[in-house]
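Let me begin by presenting the structure, written as structure tokens, before commenting on it.
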Amino acid sequence: MNGDSTNRRKKLGREGGSVSAGSQPLTTAAFVGRVSAFARRMTFARRVIARAFWKTEGHVTAEELHRLVQREKPNVGLATVYRTLRLLCEAGLAEEHKFPGGVSYYEHRIGHAHHDHLICVQCGEVREFQSKSIERMQEEVCRQFSFLATGHSLQLFGVCASCAAAEQSTMAQEAGSMGKGKGKSKRTRPRSR
């Protein structure tokens, strides 16, 4: 991610603060206007949820956000958090990601540049990255097929460095302990093709 973290952490709500959606500044009035286009009214509970959400960085589940909201407004229910997150996604102010495990994670789009994800299939770590060459390649593919892309999501699955190192260490320990016993054969892992 890029950009100044203080810009991403400014509050929305009655204070009249502003944040930016990409390169465009988004005032409280503009935020309420965007949300109002998708909802009948901007309730106090929605403002509290939105303020808590804007303070998060990275990916957050609805349950995690609910716990943050409970600190300020204990009577806000989890269903209200889910509905507000759905509303923010519809308004283009948030994105929902479904990572392995079937849990939905959300991240706000306020002050965040477009990015893609590296996902470790062993520990679940999610790392964000940006690549101008990947973006150019996608644009070229769209031109080649006369395709007008309205958005995309790139998720690369694999094993992070920590998990790979732990696996190598475990394999080395297993190999060392097998060589100590008499008459024991050495186990090997099948090769993937």
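Only the coordinates and a few stated rules stand behind these numbers; no lab work does. Keep in mind that this is a model prediction, so the values were computed, not measured. Using ideal geometry, Cβ is built from the backbone for each residue, glycine included, and neighbour counts are taken over all protein chains shown.
Between residue 72 and residue 98, the FRET efficiency from the beta-carbon distance, with R0 = 25 Å, is close to 0.35.
If the viscosity is 1.567 mPa s and the temperature 4 °C, what translational diffusion coefficient in µm²/s does Stokes-Einstein give for region 115-178 when Rh comes from Kirkwood over Cα pairs? Don't jump to the answer; show the numbers that get you there.
Values: Rh = 14.5 Å.
After rounding, the answer is 89 µm²/s.
About its Cα centre, the dipole of region 115-178 is roughly 200 debye, where the only charges are +1 on Lys and Arg Cβ and -1 on Asp and Glu Cβ. Near residue 158, once Lys and Arg are set to +1 and Asp and Glu to -1 for all other residues with Cβ below 14 Å from its Cβ, the sum equals -2. Give the shape of region 73-115 as rounded, prolate or oblate, defined through the alpha-carbon gyration tensor: a ≥ b ≥ c are the square roots of its eigenvalues, a/c under 1.5 means rounded, and otherwise the shape is prolate if a/b is larger than b/c and oblate if not. Verdict is oblate for region 73-115.
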